[in-house]
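Have a look at the structure below, then the notes.
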Amino acid sequence: MVLAMHMANELLSVPVAGVTLALGAALLVWVAWRARKTVDPEKLPLMGVMGAFVFAGQMINFTLPGMPGTSGHLGGGVLLAIVLGPSAGILVMAAILVVQCLLFQDGGLLALGCNIINMGVIPCLLGWGIYRLMLGPVEAAKPWRQYVAAWLACVVGVTGGAALVPVEAAVSGVLKISPVHFLGVMVGVHLVIGFVEGLITFAVVAYLRQVRPEALGLSVADPAGRRLSRPAVTATFLVTAALLAGVVSWFASSHPDGLEWSYMEHRYGDGANALSDPSETIVKVDALQAKWSLMPDYSRRSAALGDVPRDEEAVEEAGPVWPAVSGWGSLAGLVGTAVTLVVVYLIAAAVRRRQRLAA
């Protein structure tokens, strides 16, 4: 079972997976319709670069303060909603999750609907609501107010999305552990993750406020003041994304992420003690993903596409190496960043075209 960062197939029953896939698809159709009316045309060029940046940022797991043995990573949904608006943010996050699922087997194929809802829809809508509620009039927002609003939006948005995972697993009937305890652990871990993500979001918002304030909806008193051009801002995000995916990812924490730790490592020891055996359909879908994922778990395939990868248990028993200097890992990160950039660029182009047709 591959568990890199996102919800796996084994946490769901087939009926719940089917319902959430249908719900996630319906929400994306609605969001795409809303995007034509609500997305600022000036924000469309930023969609691709922000998608690439968030994809790369998600590759960097950080050890959680005060919680040794577990790690977290940037979700990015709230950041996308703040910069692009909630509709565009959900579309970009959905594209990131699809790329991660199909190319890298990061998150289950049947769990894709849940991941889109938990990591995209909920953080973008809930986080955006908290952000706007605290911010007040956007054009004249004070720096401290904007930073605090962004931080609190991350804490609430990330935790809100994570809280759905135990609910979805409990409804699926796959848990051997107490759903209430699982929920408590997930919320506790993701409060800390949201706190750290809030700091990262704070840094990005502070950067944009200094160099391109109109990207945040702020009025610009002196257009000739100290600002970077849009191409320069785009370049900084792309260069940062390349560095994160290609180099900084070597130094990511080797501890299990918050979701995996919450039901596999914390108290229970392994997945067999926490989850019931997956159904035959789940096993088949896992095998299908393993056969056709380009670089499972962001590493070199151990078999040709279409073949079952060979058993890697002997490698896993040797334990993780840190820093994980890996040319294949860097290649996977750069390929994923580039593919995300292209996919989101095409989505932005489609939104622009629909806006022009509606004008």
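Which one of the conditions (1) of a type in the set (Val, Ile, Thr); (2) surrounded by fewer than 21 Cβ atoms within 10 Å (Cβ to Cβ); (3) more than 20 Å from the chain's Cα centre (by Cα) does residue 63 fail to meet, given that it meets all the rest?
(3)
Can you go through 267, 310, 301 and tell me which one is of a type outside the set (Asp, Glu) and at pLDDT 85 or above?
Only one candidate passes the filter, namely 301.
Can you tell me how many residues in region 118-130 are more than 20 Å from residue 96 (Cβ to Cβ) and surrounded by 24 or more Cβ atoms within 10 Å (Cβ to Cβ)?
Residues in region 118-130 being more than 20 Å from residue 96 (Cβ to Cβ) and surrounded by 24 or more Cβ atoms within 10 Å (Cβ to Cβ): 0 in total.
Okay, residues lined up against (1) touching a residue at least 24 places away in the same chain (Cβ under 8 Å); (2) surrounded by 16 or more Cβ atoms within 10 Å (Cβ to Cβ):
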residue: 116; (1), (2): yes, yes
residue: 145; (1), (2): no, no
residue: 170; (1), (2): no, yes
residue: 183; (1), (2): no, yes
residue: 189; (1), (2): yes, yes
residue: 202; (1), (2): yes, yes
residue: 205; (1), (2): yes, yes
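Which pairs have Cβ atoms under 8 Å, sit 6 or more apart or on different chains, and link a residue in region 41-57 that is acidic (Asp, Glu) to one that is surrounded by fewer than 24 Cβ atoms within 10 Å (Cβ to Cβ)?
Filtered contacts from region 41-57: 42/214.
Would it be correct to say that residue 75 is of a type in the set (Gly, Ala, Ser), assigned to a helix (DSSP H, G or I) and buried (at least 24 other Cβ atoms within 10 Å of the Cβ)? Even if it seems obvious, please write down each step before you answer.
Details: of a type in the set (Gly, Ala, Ser): yes; assigned to a helix (DSSP H, G or I): no; buried (at least 24 other Cβ atoms within 10 Å of the Cβ): yes.
No; evaluated as a whole, the condition is false for this residue.
Identify the single condition in (1) touching a residue at least 24 places away in the same chain (Cβ under 8 Å); (2) surrounded by fewer than 23 Cβ atoms within 10 Å (Cβ to Cβ) that residue 29 does not satisfy, given that it satisfies every other one.
(1)
Scan region 237-248 for residues that are assigned to a helix (DSSP H, G or I) and more than 24 Å from residue 66 (Cβ to Cβ) and jot them down. First the steps, then the outcome.
Residues of region 237-248 that are assigned to a helix (DSSP H, G or I), as a first pass: 237-246, 248.
Hits for region 237-248 are 237, 238, 239, 240, 241, 242, 243, 244, 245, 246.
Checking the structure you have, find out if any residue of region 41-56 is modelled with pLDDT of 95 or more and within 30 Å of residue 174 (Cα to Cα).
Among the residues of region 41-56, at least one is modelled with pLDDT of 95 or more and within 30 Å of residue 174 (Cα to Cα), which makes the answer yes.
The values are calculated or read from the model by the stated rules, or taken from the named source; none is laboratory data. Values in this document were obtained by computation on a predicted structure and should not be read as measured data. Every residue, glycine among them, receives a Cβ derived from its backbone with ideal geometry; neighbour counts consider all protein chains shown.
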